[in-house]
Amino acid sequence: ADSGEWVDAGEKEFLVNPIGYLTYVLRKMLETIEMALWGTILALFLSLPLAYFGASGYSWNTATYASARGLCSFCRALPELIIAIFFVLMFGFGTVPGIIALGIHCCGFLGKFFADDIENADRGPQDALRSTGANRLKVLWYAVLPQATPQFVAYIQYIMERNVRTATVLGIVGAGGIGSELKGRLDQFDYGHVSTILVIIFLTVFGLEQLTQRFRSRLIGS
């Protein structure tokens, strides 16, 4: 909070800590980033099988292809707030419902994006590997992923940045993070503290973008 309190001989003294609320908001922002990170990791793991079965040429048959694509569309159509409300009712208040909501919603995006890039990869290296008797997984690993990895990293980077912004909103329904504090300050019409929260959110998103861009540049360069 903003102040510390001491009680001495029946009297109360208050010491104002100028950066007390700032440190509190930074801790909440760190909690939000952690929620976004785990939500992105969950989305990535859920999207991998959807991408494989949702790519023509790699799916087992038409039914699995249509099912994977349909599931991706279904996950994208579910708003994170609705998913978070549902899991808050199941698990209670905290970051777990937010992580699950972000993971379920974003796996639909990643699954579609990954599948589209797999389908659009150059057929020449794939046909060359197939002619040597390589199975689908080896073709995917050695012929498709080297082409698609830079774009995959860009998608994950975008989803991570998006999840940080979205995670700040999920706190409104009790899914943890800085959103709960933001809603509380708005309800109290405490716009000074609201401004502090919004500045921290902006600086966090901007800094995260710069960091992920450098990581992507190094990965592509290597």
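Values as computed for the structure displayed
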quantity	calculated
Residue match in the range 54-67 (condition: open to solvent by less than 30 Å² (accessible area, probe 1.4 Å), assigned to a helix (DSSP H, G or I) and touching a residue at least 24 places away in the same chain (Cβ under 8 Å))	no
Scan of the range 108-154 for residues that are in contact with a Ser or Thr (Cβ under 9 Å, 6 or more places away or on another chain) and of a type in the set (Phe, Trp, Tyr), ordered by number	Phe109, Phe113, Phe114
Residue that is open to solvent by 60 Å² or more (accessible area, probe 1.4 Å) and farther than 21 Å from Thr32 by Cβ, where the choices are Asp117, Asp127	Asp127
Residues that are small (Gly, Ala, Ser), over 14 Å from the mean Cα position of the chain (by Cα) and outside any helix (DSSP H, G or I), drawn from the range 176-209	Gly176
Filter pass, Leu15 being closer than 30 Å to Asp190 by Cα and at pLDDT 70 or above	no
Failed criterion for Leu102 (all others in (1) closer than 23 Å to Ser47 by Cβ; (2) open to solvent by 20 Å² or more (accessible area, probe 1.4 Å); (3) touching a residue at least 24 places away in the same chain (Cβ under 8 Å) hold)	(2)
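Each row is one residue, and each column tells you yes or no for (1) hydroxyl-bearing (Ser, Thr, Tyr); (2) at pLDDT below 85; (3) under 17 Å from the mean Cα position of the chain (by Cα).
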site: Ala134; (1), (2), (3): no, yes, no
site: Val144; (1), (2), (3): no, no, no
site: Phe152; (1), (2), (3): no, no, yes
site: Met160; (1), (2), (3): no, no, yes
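The values are calculated or read from the model by the stated rules, or taken from the named source; none is laboratory data. Everything numeric here is computed off the predicted structure, so don't read it as measured data. Please note: Cβ atoms are built from the backbone with ideal geometry, for glycine as well, and neighbour counts cover all protein chains shown. Keep in mind that these areas ignore ligands, DNA and RNA; they rest on the heavy atoms of the full protein, side chains included. Shrake-Rupley method; radii C 1.70, N 1.55, O 1.52, S 1.80 Å.
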